[in-house]
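Take a look at the structure set out below.
Any read-out appearing in this document is the output of simple, stated calculations on the displayed coordinates, not a laboratory observation. From a predicted model like this one, the values you see are computed outputs, not experimental measurements. We place every Cβ from the backbone using ideal geometry, glycine too, and count neighbours over all the protein chains shown.
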Amino acid sequence: MDKTMNVLLAGFGGQGILFAGKVMAYSGLVDGAEISWLPSYGPEMRGGTCNCSVVISKDAIGSPLVVNPDVLVAMNKPSLLKFMDKVVSGGIIIVDSSTVDVKVERTDVTVYYVPATVLADEGGLKGLANMILVGKLFKETGFVSQDSLDKGLLKCIPPKKAEMIESNKKALALGAAQ
Amino acid sequence: MAIVFEKPHALTDIPFHYCPGCTHGIVHRLVAEAIDELGCEGRAVGVASVGCSVFSYNYFNCDMVQAPHGRAPAVATGIKRAQPDNVVFTYQGDGDLAAIGTCETVHAATRGENITVIFINNAIYGMTGGQMAPTSLPGQITQTTPYGRDVKIAGYPIRMCEMLSTLDGVALAQRVTVDNVKHVNEAKKAIKKAFENQINGLGYSIVEVVSTCPTNWGMSPKAAVEWLENNMLPYYPLGVYKDKTAQNSSHTGDGSSDKPQKGGEN
Amino acid sequence: MAEKVLMKGNEALAEAAIQAGCRLFFGYPITPQTELSAYMSKKMPKIGGLFLQAESELAAINMVLGASAAGKRAMTSSSSPGISLKSEGISYIAGSDVPAVIINVQRGGPGLGSIQPSQADYWQATKATGHGDFQLIVLAPSTVQEMADFVGQAFDLGDKYRMPVMILSDGMLGQMMEPVSFPEKGEPVIPERPWAACGHGGKRPHNIVNSLYIEAKDLEKTVVERYKKYDIIKKEEQKAESYLTDDAEIVVVAYGASSRVARSAVNSARAEGIKVGLVRPITLWPFPVDAIEATIPTAKKYLTVEMSMGQMVDDVKLVVNGRAPVSFFGRTGGVIPTPGEILDEIKKLNN
């Protein structure tokens, strides 16, 4: 990882955008990095598009708002269309290709198409497309160590929902295998 | 010689500033007597509201807090929640309780806030010089209704005791007056009961005292009492509108449930 | 050092208040301070405290007045339109010399405005939170850790000076998560309030908590005394962070959320060899005059950056007092400026 990684995760409300961001942020915290997590909030949360800025850095973080992401995770078409031109040159775009039917035409970014929703449904991991995409992001960027990612995940799942740990881990691994 | 009457201990020695014939003086004394008889001056905290009675903080011997206009029930809520052992009362006029502070009044009442409320209804704004109050009668001439209160423009007066009696949180809603000895004695009983209710943890108790304002009504004290009897009392009938301590109160229904309920599932 | 946890700024404010011994919270729902009230409603009943959802902002601030007048630490939180409603109570609290902590998680205005982050309530917080001659101490955090740290300080300052203290935050700081730790401090030391109205118990004359003085001269005397206290606060309590200012020819002044963006811009400008620094006011009142004054010897130009049309810039100009030009850059309405925009402004000034 470079000094700072700016990540923007975007999709519909209910796809687990904020949770995915939180897992990344907590993993960064465990890894000893400076981190920030900033959600979009307000009416757009209610059924509309939702996004979340995560900054993981070796230095103190200035603006927590990610305007030009190094990595964009897009879980729906409006989000991809809205943000794909904002990604920095040389950046990464990870698209849930089972919900988004457009291709990125830019040649200065690396694009990964992962049919995350279909993979989740077929793998008995319904609702965990978000974690599949985080798994892919982890594989391509190595933004934290595997150990930090595992520990970060544990921090985000309350004891009451401990049965969710295994499925989330599976989803991360499935994403990393893509 | 035996002492047959003396100033209650819960009143200070500072002379009242109230006008001749004003009934604030009588009601102050009744409140102070109730505090004396219940022996609660040391743990009483009064809330003075904006209006003529704001200076009651100088007259009552217990600790006092002065509230912004209309907010006495909220201030009293804060005091009572911070110090549940205190005996907390508000002393509010009609503008304070029934106009600018109606929201605070209704919500303190419906929360069953365990406080005592003394409500002076004299159908006029006294301190600012005689403007229309929420309780001014239809046709009543005031500084801001110089042709009489026209209900087509200014609407109708509010009967607070009747309105508040519908709320489950209210322990006592009673209207009294102090125009004669019999009524003064009844008022005293009601006020004492309103304090007792609080000590017994029963909830919001309000005593509305139909009162005079000779100065702003433009009448002699005697004429003011007569006007009260002939005009105010027919519109604001005396009586008990809600009393949780009575068996056959008309509004004892308590349909509330303490069980947590999720919206939309019931 | 306690373990760092990820927390939203709003939650950190709430937890810090509880740790400062606040057991009485009165609030009314408004975005974007929502998580603060939610946290209080969940936690307070478990520790013998009170979360009470008031019928209005007016009621909530006056419940704080009552609870604090009765001798207990109390707090309320809101966002810009709600603070306007609270301004009546805040004036009475100041006029009654009662401590209180008020949180403003600012959003865009005027009117219903937007629910996005803003700093357009600077004037309201520092100059006109209500009618009459009075001041609040205003603290401006810029990180979630500071959100946590400043709440305890706010309660202590309120008790020390018997006055209301505001934490001026915004939707970005309230909504964002950052690592935060709550160092073990033990039970908070809460000073006695011998003036409180909580029952005299027959042991002292009655206390009166009051803001009314019918004689003009009496009120004047009281206000003049209060201003002597304010003079002490101006001397003793100013706080600011100075970043890379030692040789700074361009001094950026920004607080709270916008100071974070400005810091990124300053770093980029330094990388390009521009001698630029940042003064970040932490106390907005008292305004950190000394920190600005300290930059005068090297500063050729000042740039104030705010998420408003320019409010704090007036205070910067008052300190600089014509000794160098003071310019302004801001975004408003809930728009957060980008580091690039601020860098462009710095470059313009460097030409």
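Check which residues have an amide H placed less than 5 Å from C:GLN33's amide H, if you skip close sequence neighbours.
Residues meeting the amide H criterion: none.
Looking only at C:ASP170, C:ASP247, C:ASP218, which one moves most when chain C is put into a Gaussian network model with springs between Cα atoms under 10 Å?
C:ASP218
Tell me, C:LYS300, C:LYS72, C:LYS234 in order of fewest to most beta-carbon neighbours within 10 Å?
C:LYS300, C:LYS234, C:LYS72
Quick one: Karplus J couplings for segment B:112-127, per residue in order, coefficients 6.51, -1.76, 1.60, θ = phi - 60°, nearest Hz, x for Gly and Pro?
x, 3, 7, 9, 10, 10, 9, 10, 8, 9, 10, 6, 6, 7, x, 5
Averaged over C:190-202, how many beta carbons belonging to a partner chain fall within 10 Å of each residue's beta carbon?
5
Report the antiparallel proportion of the DSSP beta bridges in the protein assembly as shown as a percent, rounded to a multiple of 5.
That works out to approximately 30 percent antiparallel.
Of A:VAL144, A:VAL30, A:ASN68, which is farthest along the charge dipole of segment A:4-176 in the positive direction, counting Lys and Arg as +1 and Asp and Glu as -1 at C-beta?
A:VAL30
Determine, for B:THR77, B:THR105, B:THR245, C:THR126, the number of other Cβ atoms within 10 Å of each Cβ, and report the residues in order from fewest to most.
B:THR245, C:THR126, B:THR105, B:THR77
If you take each beta carbon of peptide C:208-215 and count the beta carbons of other chains within 10 angstrom, what is the mean?
Across the residues of C:208-215, the mean count of other-chain Cβ atoms within 10 Å is 5.
Within a 10 angstrom radius of each residue's Cβ in C:260-266, how many Cβ atoms of other chains show up on average? Whole number is fine.
Counting Cβ atoms of other protein chains within 10 Å of each residue's Cβ and averaging gives 4.
Rg/Rh for segment C:163-305 to two decimals, with Rh computed the Kirkwood way over all alpha-carbon pairs.
1.13
May I ask you to derive the relative contact order of segment B:171-238, considering only C-alpha pairs under 8 Å and at least 6 residues apart, and to give it as an integer percent?
With pairs under 8 Å counted, the relative contact order is 38 percent.
May I have the convex hull volume per residue, in Å³, for the Cα set of segment C:240-350?
83 Å³
Note down the relative contact order for segment C:66-219 as a percent, whole number, built from C-alpha pairs under 8 angstrom at least six residues apart.
27 percent.
What order do you get for A:17-25, B:230-238, A:62-70 when each peptide is scored by the mean count of other beta carbon atoms within 10 Å, highest first?
The packing order, highest mean first, is A:17-25, A:62-70, B:230-238.
What ranking do A:ASP121, B:ASP150 get, fewest neighbouring Cβ atoms within 10 angstrom at the top?
Neighbour counts put them in this order, fewest first: B:ASP150, A:ASP121.
Can you compute the modelled spin-label distance between A:LYS126 and B:ALA223, with each label point 7 Å from Cα toward Cβ, in nm?
8.3 nm
Using only Cα atoms, what is the ratio of the radius of gyration of the protein assembly as shown to 2.2 N^0.38 Å?
1.11
Using the Kirkwood radius built from alpha carbon pairs, what does the Stokes-Einstein equation give as D for chain C at 10 °C and 1.306 mPa s, in µm² per second?
Translational D for this selection: 77 µm²/s.
Which of the peptides C:206-215, C:220-229, B:22-31 is most tightly packed, and how do the rest follow, judged by the mean count of other Cβ atoms within 10 Å per residue?
Ranking the peptides C:206-215, C:220-229, B:22-31 by packing returns B:22-31, C:206-215, C:220-229.
What residues have an amide H closer than 5 Å to that of B:GLY148, excluding those fewer than 5 places away on the same chain, when H is modeled at 1.01 Å from N in the peptide plane?
Close amide H contacts, sequence-distant or interchain: B:THR142.
For the charge dipole of chain C, defined by +1 on Lys and Arg C-beta atoms and -1 on Asp and Glu C-beta atoms about the Cα centroid, which residue among C:GLN33, C:ALA17, C:GLY199 has the Cα displaced farthest towards the positive pole?
C:GLY199
Cα to Cα, under 25 Å, and not fewer than 8 places away if on the same chain: which lysines meet these conditions relative to C:LYS185?
Result set, ordered by chain and number: A:LYS155, C:LYS4, C:LYS8, C:LYS42, C:LYS43, C:LYS46, C:LYS72, C:LYS160, C:LYS239.
Give or take rounding to whole Å, what are the principal axis extents of the alpha carbon atoms in chain B, in descending order?
Sorted from largest, the Cα extents of chain B read 59, 58, 35 Å.
Each residue of segment B:39-48 in order: what ³J(HN,Hα) in whole Hz does its phi give by Karplus 6.51 cos²θ - 1.76 cosθ + 1.60, θ = phi - 60°, with x for Gly and Pro?
x, 10, 4, x, 10, 7, 10, x, 10, 8
If exposed means no more than 13 neighbouring beta carbons inside 10 Å and the site is in a DSSP loop, what's the longest run of chain B without any exposed GluC sites (Glu not before Pro)?
B:7-264
For the peptides B:129-138, B:61-70, A:101-110, B:166-175, what is the packing order when you average, over each peptide's residues, the other Cβ atoms within 10 Å and list the highest mean first?
B:61-70, B:166-175, B:129-138, A:101-110
For A:ILE94, what residues show an amide H to amide H distance below 5 Å, using hydrogens built from the backbone and excluding near sequence neighbours?
A:LEU72, A:VAL73, A:ALA74, A:TYR112
In cubic angstrom, how much convex hull volume per residue do the alpha carbon atoms of segment A:1-149 span?
Expressed per residue, the convex hull around the Cα atoms of segment A:1-149 is 98 Å³.
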